[in-house]
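Input: a single structure, listed below in C-alpha cells.
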Amino acid sequence: MSFVKRFILLILLLGCLYIVKAEIIDNISLTDDVIKDIRNSTYLSSRERAIMNALSNNDLKDIAVNRVFLNTHNNLFNYRIKTKGITDQEKSGRCWLFAGLNLLRPKVIKKYNLSDFEFSQSYLFFWDKIEKSNFFLESIIETVDKDLLDREMEHLLKRPISDGGWWSYVVNLINKYGLVPKSVMPETYNSTHTWWMNGVISARLREYATILRKMSKEGVTPQELREKKLTFLKTIYKMLVLNLGEPPTSFVWRYEDNEGNVSKPVNYTLEEFLEDVVGLNLRDYVALMNHPGKEYNRLYQFDMARNIYEEIDPRFINLGIKEMKEFTIKSILDNEPVWFACDIIQHRESEKGILSTEIIDYKSVYGIDIKLSKEQRLLYRESEANHAMVFLGVDIQNDKPVKWLVEDSHGRERGHEGHWTMYDDWFDGYVYGVIIHKKYLPEEIIDILKQKPVHLPPWEPIVAIIRNTR
C-alpha cells in the first residue's frame, strides 16, 4: 500500500474515532455505554479494597483521623483567660446568645469571686422570639403587594422565628430588656429543645401572614393591619409563656462566693442589674468579618437580618485575616474574651476537641485533594458561618499564634471538656467573624464605621449563622 493510501486511511480512521468520541461527549444522558465506560474506569487495588472494607463498616471520620497529627497534639496555651463552668445550649440553635453571654460571664465570676455563674439564656431567648415575631409580621405588612414567589418573600416565610442570630442580636436584646441571672429564669424543656415550639409558632405566624395579606387586598389600612398585628403578638406572647415561663420585671439576687460567704439579698430592676453587675456599653464592640470575596476595609450590612424591627441591620467591617488575628490576640492578652463566628462542620475531631485542616486525612482514604479557596468555599456553598463560640486563649510561639483556646456551649461532652483547640490553619480557613472592643482597634479601622455600608442580601452565604445556627 502506497504512502498516500496509508495516509488517507489513517485520516479516515481518526475521523471515525473523533465521531465516536464526540457522540459520547455530546451525549447528556447516562446511557449504557457511558455507564460501562465509567465502570471500566474503576479498578480497586488490594489497598483500596481494604479501605472499602474499612469504610463500609465504620464511620468515615474514625477511619480518616490523622494519627500522626493526633500524636503531636496538646492542649497547652501560654495565654489563657480564667473562667469557670461550661454552658450547654442543648438541642437549640442559640449559640450566638450563649457565646454573647459567655463573653460577659467571666467578668461577673471575677467581680464577685464566684465558683460559677450564668446569665439566663432563656430570658433573652423569650424576648428574641417576641421581637422576631414582630419583625416577621411587620415585614409581611410592608410586602403585602409582593408575589409570594419573590425571593425576599421566600426568605421571610421560610424561617419566621429561627433560633439563629448574630452578635448585634445580643446587644439589641440586652440594651432593651436587660439581664437576669439564670436562677431567676432557668431553662425549660422547650428552651433547650426548640424544634417543636418553633414549628408551632412559625405555623401560627404564617397563618397570620395569610390573614394580613387578605385584609390588605380587601382595602384595610396599614394602621388597621398593625392593630391586628398587636392582637396576634398577644397570642404569640402567651404561647411563649406556656413554653418558657413568664419573664420577670424585677427580682431578688443572692449568691455564695468561693469562701462560702452568702451575700445579702438585693432587689433589682432589670436596668439596675445590668448597670450594677455588668456595667458595660455593648455598643463599644465592633464586628469584623473576613469575607475574601468582598473588598477589604469596607463597611457592609446584612439586609433584613435584624431581630428587633426598629434597630439597624447587622453591620461589619471586612478585613484581612491577618488583621483579624492581630486584634483578637490583643483582646485575649488583655483578658478580654472574643465572640466569633465560624464553620464548625469542617475538619474537626470532636472527641478530643481539635479543629485543624490536617486532623482529617481524606486524601489517604480517597486519593483526592480538594482544593477550594476560602472565597470559593463561600460562593459555592461548601462553607458557611454556622456557629458562634468564644476565644479564651492563644498559644504564641516565635511571635506567631500556633493554636487558639475556644469555649463552646454544648456542655462537657463535646470537645475536650467543653473546649476546642483550634489550630491557626483552621482560623485562616473557617473563622469568618470576630467581635472586638473598639479600644483594641486603631483609629483608621474605627473610621470605617462612618462609611455608607454596602448592602448584602439576607441569603448571602456568609450570614448562615443568622438563618441556621448549631
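Under the classification rounded if a/c is under 1.5, otherwise prolate if a/b is larger than b/c and oblate if not, where does the range 409-470 fall, given a ≥ b ≥ c as square roots of the Cα gyration tensor eigenvalues? Oblate. Peptides 289-298, 164-173 ordered by packing proxy, namely the average of other Cβ atoms within 10 Å per residue, highest first: 164-173, 289-298.
Shape of the range 88-226 from its Cα gyration tensor (a ≥ b ≥ c, root eigenvalues): rounded if a/c is under 1.5, otherwise prolate when a/b > b/c, or oblate? Cα axes put the range 88-226 in the prolate bin. Toward the positive end of the charge dipole of the chain, with +1 on the Cβ of Lys and Arg and -1 on the Cβ of Asp and Glu, the farthest Cα among Ile435, Gln376, Asn290 is that of Gln376. Of all beta bridges that DSSP places with both ends in the chain, some 85 percent have antiparallel geometry. Charges on Cβ only, +1 for Lys and Arg, -1 for Asp and Glu, centred on the Cα centroid of the chain; of Leu156, Asn57, Asn175, which one is farthest towards the dipole's positive end? Of Leu156, Asn57, Asn175, it is Asn57. Extension gain, Ser45 to Ser350, is 106.6 nm, computed as 0.36 nm per intervening residue step minus the present C-alpha separation. Accessible surface of the chain, 1.4 Å probe: 53 percent of it comes from carbon and sulfur atoms. From the square roots a ≥ b ≥ c of the eigenvalues of the alpha-carbon gyration tensor of the range 245-380, which class results: rounded (a/c under 1.5), prolate (a/b over b/c), or oblate? Judged from the Cα gyration tensor, the range 245-380 comes out prolate (a/c at least 1.5, a/b above b/c). Protein heavy-atom accessible surface, 1.4 Å probe, per residue over the chain: 52 Å². Under a model in which nothing but the beta-carbon of Lys, Arg (+1) and Asp, Glu (-1) is charged, the chain shows a dipole of about 560 debye around its Cα centre.
Can you tell me the FRET efficiency between Lys176 and Leu280 if r is taken as the Cβ-Cβ distance and R0 is 25 Å, rounded to the nearest 0.05? Efficiency, from the Cβ-Cβ distance: 0.95. As a ratio to 2.2 N^0.38 Å, the alpha-carbon radius of gyration for the range 35-147 is 1.94.
Per-residue ellipticity at 222 nm from helix content only, as computed over the chain with -39500 (n - 2.57) for each DSSP H run of at least four residues, stands at -13000 deg cm²/dmol.
If the reach is capped at under 17 angstrom between alpha carbons, list the lysines near Lys450, excluding any in the same chain fewer than eight residues apart. Leaving aside lysines fewer than 8 places away in the same chain, those within reach of Lys450 are Lys438, Lys439.
Among the trypsin sites (Lys or Arg not before Pro) in the range 44-116, those placed in a DSSP loop whose Cβ has at most 11 other Cβ atoms within 10 Å are Lys82.
Label point of Ala203 set 7 angstrom out along Cα-Cβ; within the range 214-246, amide nitrogens under 20 Å from it belong to 232-244. Centre-to-centre separation between the Cα atoms of the range 107-135 and those of the range 158-189: 7 Å. As a length-normalised measure over Cα pairs under 8 Å and 6 or more apart, the relative contact order of the chain settles at 22 percent. Counting 0.36 nm for each residue step from Leu148 to Gln376 and taking away their Cα separation leaves a gain of 79.0 nm.
For the pair the range 215-263 / the range 346-367, the C-alpha centres are spaced 43 Å from each other.
Note: relative contact order over the range 360-456, using C-alpha pairs below 8 Å and six or more positions apart, is 16 percent. Per residue, the convex hull spanned by the Cα atoms of the chain amounts to 247 cubic angstrom.
The values are calculated or read from the model by the stated rules, or taken from the named source; none is laboratory data. These figures come from a predicted structure and were not determined experimentally. Cβ coordinates were reconstructed from backbone atoms using ideal geometry, including for glycine residues, and neighbour counts include every protein chain displayed. All accessible areas refer to the heavy atoms of the entire protein, side chains included, with ligands and DNA or RNA removed. Shrake-Rupley method; radii C 1.70, N 1.55, O 1.52, S 1.80 Å.
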